[in-house]
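Enquirer: Below is one structure. I have some questions about it.
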Amino acid sequence: MGGRHVMVKRFDPAALCALIEREGVTAFSMVPTMGSALLQCPELDKHDLSSLEEVMLGASPLRRLHSWLRSNASWAARFCVGYGLTESGPVVAAAYVKSTLGKLDDESRIRRQAMTGFAIAGAEMRVVDVDGVDLPRDGQSIGEILIRSDSVMDGYWNEPEATAAAMDGDWLHTGDMAVWDEDGYVLIVDRKKDIIISGGENISSIEIEKTIAAHPAVYECAVIGVPHEKWGETPRAIVALKPGETLDADAIRQHVREHLAGFKVPSQVDFVPELPKGATGKILKRVLREPHWDGREKKVQGAGESA
């Protein structure tokens, strides 16, 4: 690729906006927490970002970002979700809109762009059941994503047991649970380790997080499973509010109850100034879970489990 590349080590949304304008940046990638921070940045509309041609997100808030794009006619960037792991290389799938889908309306196009995507050239993806059998491409059957490509790791350094658990021949077990459809698009519903099993019901933490994040007072949030004597485990939400906003746990729970089934409503809600994050900006759910599961049996960690 031609041109000059810039790596931003510490994400500052205001500084990023200034950098894009000053350097004429044409493309950049960001993880979800960076997208949320960018949307909350008061400097966002004070800079000329028209040089942008492409934006790739690690996941949503694509829908909210798209709304902002639509209101800022000077920015006509192509944007989509991208997917990858440390073990697989940075990007093995992208949610570009395939030309074979024909002309789509705005809602259908956004839905496609917000999916995990399809395998890029040089990579292969499968969605399989617990026996490793490919699931039907019906958009409903949930299984684990497997990846094969030249960028997939050979194994973990000096950790043969972890390598054996993650690799099945050339195929990498990602630990991401997903569905896929007849057009080859994959959509992650949760991390295998983050599925909350409460009273026999499988609950997606991502689904609850998206619902909470849609509340206008919420800046970001995470949902984890915590031990429960009767139900095994229940959802617990950890929420950071936008500056100047006030909200209590009952308001969060009521908001979730209005959109999701009752068993998905968090049993508890904690408010924090900010959520713990790793070097890439990913929220460290491991840190949030640890105090609740200390001394108890832990779920087996899969590929990519550093968070």
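Enquirer: Divide the volume of the convex hull of the Cα atoms of region 96-182 by its number of residues and quote the answer in cubic angstrom per residue. Mind showing how you got there, number by number?
Expert: Numbers: hull volume 9.3 nm³, N = 87.
Taking only Cα atoms, region 96-182 has a hull volume of 107 Å³ per residue.
Enquirer: Let me ask something additional. What percent antiparallel are the DSSP beta bridges of the chain, to the nearest 5?
Expert: On the way: 38 of 50 bridges.
Roughly 75 percent of the beta bridges in the chain run antiparallel, per DSSP.
Enquirer: Taking the highest mean first, how do the peptides 285-293, 234-242 order by number of other beta carbon atoms within 10 angstrom per residue? The partial results should precede the final answer.
Expert: On the way: 285-293: 15.6, 234-242: 21.3.
My ranking of the peptides, most packed first, is 234-242, 285-293.
Enquirer: Something else: Given the options 186, 49, 164, identify the residue whose Cα lies farthest towards the positive end of the charge dipole of the chain (+1 on Cβ of Lys, Arg; -1 on Cβ of Asp, Glu).
Expert: After comparing all options, I get 49.
Enquirer: Whenever you get a sec, compute what percent of the accessible area on region 100-178 sits on carbon and sulfur atoms (1.4 Å probe).
Expert: 49 percent
Enquirer: Moving on to the next point. Heavy atoms only, probe 1.4 angstrom, no DNA, RNA or ligands counted: give me 115, 34 ranked by accessible area, highest first.
Expert: 34, 115
Enquirer: So, taking all protein chains as they sit and a 1.4 Å probe, how much accessible area belongs to residue 156, in Å² rounded to tens?
Expert: Accessible area of residue 156: about 60 Å².
Enquirer: How much length, in nm to one decimal, is gained on full extension between residue 12 and residue 164, taken as 0.36 nm per residue of separation minus their Cα-Cα distance?
Expert: Working: separation 152, 0.36 × 152 = 54.72 nm, distance 3.92 nm.
Extra length available between residue 12 and residue 164 comes to 50.8 nm.
Enquirer: Here's another thing I want to ask about it. Give 46/103; 46/285; 210/264; 46/282 a once-over and call out the pairs whose C-alpha atoms are over 23 Å from each other.
Expert: From the list (46/103; 46/285; 210/264; 46/282), the Cα-Cα distance tops 23 Å for 46/103; 46/285; 46/282.
Enquirer: In addition: With a 1.4 Å probe and all protein chains left in place, how much of the accessible area of region 212-272 comes from carbon and sulfur atoms, in whole percent? Spell out each step's value before the answer.
Expert: Working: 1460 of 2950 Å².
Here it works out to 49 percent.
Enquirer: What residues have an amide H closer than 5 Å to that of residue 242, excluding those fewer than 5 places away on the same chain, when H is modeled at 1.01 Å from N in the peptide plane?
Expert: It is 218, 219, by chain and number.
The values are calculated or read from the model by the stated rules, or taken from the named source; none is laboratory data. Source: prediction; values computed, not measured. Neighbour counts run over all protein chains shown; Cβ positions are idealised from the backbone, glycine included. The area values use the complete protein model at the heavy-atom level, side chains included, leaving out ligands, DNA and RNA. Shrake-Rupley method; radii C 1.70, N 1.55, O 1.52, S 1.80 Å.
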